[in-house]
1. Taking 30 Å as R0, compute the FRET efficiency from the Cβ-Cβ separation of A:Thr46 and A:Asp76 and round it to 0.05.
2. Want the number for B:Met258 to B:Asp11: 0.36 nm per residue separation, take away the alpha-carbon distance, what's left?
3. Taking the label point 7 Å from Cα in the Cβ direction, how far apart in nm is B:Lys253 from each other copy of itself, listed shortest first?
4. In nm, what does the list of distances from B:Thr53 to its counterparts in the other copies look like, shortest first, when each label sits 7 Å along Cα to Cβ?
5. Which whole number gives the average, over all residues in B:255-268, of C-beta atoms from other chains lying within 10 Å of the residue C-beta?
6. Shortest first and in nm to one decimal, what separations exist between A:Gly29 and its copies in the other chains, measuring from label points 7 Å along the Cα-to-beta-carbon line?
7. Mind giving me the nanometre distance, one decimal, between the label points for A:Ile302 and A:Val244, set 7 Å out from Cα along Cα→Cβ?
8. Please list, in order along segment B:95-102, the HN-Hα scalar couplings obtained from phi with the Karplus expression 6.51 cos²θ - 1.76 cosθ + 1.60 (θ = phi - 60°), rounded to whole Hz, x for Gly and Pro.
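Values quoted throughout were computed directly from the atomic coordinates according to the rules given, and no laboratory measurement underlies them. Just so it is clear, the structure is predicted and the values come from calculations on it, not from any experiment. Cβ sites come from the backbone with ideal geometry, for glycine too, and all protein chains shown count toward neighbours.
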Number of protein chains: 2
Amino acid sequence: MKLILDAMSGDLGSAPAVEAAVRAVQELGLEVTLVGREAEIREKLTGRNAGITVVNASEVVDMHDAPTTVIRQKKDSSMVVALNLLAAGEGDALVSCGNTGALLTGATLLVKRIKGVRRACLAAMMPTGAGHSLLLDCGANAECTTEYLTQFAYMGYHYYRTEKGVDRPTVGLLNNGAEESKGTDLQKETYAVLKADADAGKINFIGNVEGRDIAQGAANVLVVDGFTGNLVLKTYEGVGLYLVSQMKAMFKKGPFTMLAALLVKSGLMDLKKRMDYKEVGGAPLLGISKPVIKAHGGSDEIALFGAIRQAVRYTEGGVVEAIAASLRAEV
Amino acid sequence: MKLILDAMSGDLGSAPAVEAAVRAVQELGLEVTLVGREAEIREKLTGRNAGITVVNASEVVDMHDAPTTVIRQKKDSSMVVALNLLAAGEGDALVSCGNTGALLTGATLLVKRIKGVRRACLAAMMPTGAGHSLLLDCGANAECTTEYLTQFAYMGYHYYRTEKGVDRPTVGLLNNGAEESKGTDLQKETYAVLKADADAGKINFIGNVEGRDIAQGAANVLVVDGFTGNLVLKTYEGVGLYLVSQMKAMFKKGPFTMLAALLVKSGLMDLKKRMDYKEVGGAPLLGISKPVIKAHGGSDEIALFGAIRQAVRYTEGGVVEAIAASLRAEV
């Protein structure tokens, strides 16, 4: 398959993208198109350009660019050029470390949504006690309708299935209580639709999930509006980082605590690894007609290579086709 | 002051309430009215009834009672009798471990809201890296208006001020981004109102707070709708409990890790204490015309005594009066 890599939008410049592209060709047998400042990229490639195409783009989208203006005002940015290549069929999937809002807006306008999908959304894999849960929407749509949430449920179901190789992932609705009467009208209506679909064998909906149960891995897929999803995801991440920093401080207090750290070193590494978002990879944009992965802004070569492998699974697993098929049956 | 204690609604029965009441008389010089099954309570008091009045109530509200029916269907429950005593001026404040929704509905209908307050809400003290943050609403009002959220901001401001002895607590609006353009119309409008109030010197509003910054203690008071607030609070609590359980498992692996646990024992206790909700006490109902504290359902004597001390500060600190004064200036 052919992967398009936005080489310029990450915090660390083009170096991680170049290295990850070389690995992707060598280890995964991909063809890679690197998009960005051509001279700079070619210099870094230095004779390792087998399987790699470089497409020039003179501008870079940054975190301060307003998502809605990027397409018009930064037409020659690596992100917009990459999206246009994807839309034109010059590649099968795209990975970018850039501005999330700009990537989502750009993908929606240039690559377009899957037919029948009302809104594209951003999904995040959260590390939990049971492995991982996919949370969606985690920020793209602050306000949602029952139809959006229902579609997110199917989109998450098919993505999780492929990404994790789970036959019938469990889908839960994030809510402020377990009973079906909980939440606002949005949750009550979505609950009713998903319950009926589950009864008809269409989706493995297990009901409402409370915040307290997320960390234990209460469901494979967690559905919620983008406003709440963003707050839940970032709260989750923030508490994890805070507790890890507190543990570090605890172990650094003196010689005895430093000895203790040595004694539990492997366990500590394990725990840190389990809470580390870099290990989890990028966030898929779901509902777009071609696979797009938003990698972390600060991705190094390893994180970016992980995101590329994710894009491969997203593409070769036929997630877009599965979503389209399930929603055509719905709409 | 005179404290009313619902002695029956907790998971552990009347024993913790009786013991906490005896301590409250002895150590805090309170008069306490215990409400519940009189014979049972008197037996447990056995000669320690100085300063304590017992009022009989034959029923108990449980977690399965629908909040809206409790007042009509369980008129002789300890919770409803206690609320009626508070409404009648037979006490200055009330502490109950019972069903949150029933307590909130009962307090609103029987004790009434402060004049001008649109909705009462439930606030929770969350342990953070900087001490504590008060989150409100954390579950009472799934759907909110700008006016509700603005009032919550003032209610939280005055409560935090008294509870923590902070002169001008910082108030933040939980949002899916830091910029003032973030969120739905509800957040944008609330931001504008609170910003104008801050410019007029009425409240120490510091702007939007993201989920990631909660654990570091980004603001003393965090304002959000009850749906999102419930999910954020429980997610926060869930991740903390999960990580503590993972750490325990890590230290129990073998003789070396158990030695390590001994070496960092005090640090571990510290960390656990900081994440422990029992240490934090009960959740105040705010916007009600008299102080009501909802203690944890599983409260033991120590937790309940902590909630009583909280009720004392809520009462003697004049929080209700301060909220009333600030909202009259607003309305």
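1. Working: r = 25 Å, r/R0 = 0.83.
Here the calculated transfer efficiency is 0.75.
2. Numbers: separation 247, 0.36 × 247 = 88.92 nm, distance 3.33 nm.
Result: 85.6 nm gained on full extension.
3. In nanometres, ordered from closest: 2.2.
4. Copy-to-copy label distances at B:Thr53, shortest first: 8.6 nm.
5. Values: counts 1, 5, 6, 2, 4, 12, 3, 3, 13, 13, 3, 3, 10, 3.
Averaged over the peptide's residues, the number is 6.
6. With the label placed 7 Å along Cα→Cβ, A:Gly29 yields 8.4 nm.
7. Placing both labels 7 Å beyond Cα along the Cβ direction yields 1.1 nm.
8. So the Karplus estimates, Gly and Pro as x, are 10, 9, 9, x, 2, 4, x, 5 Hz.
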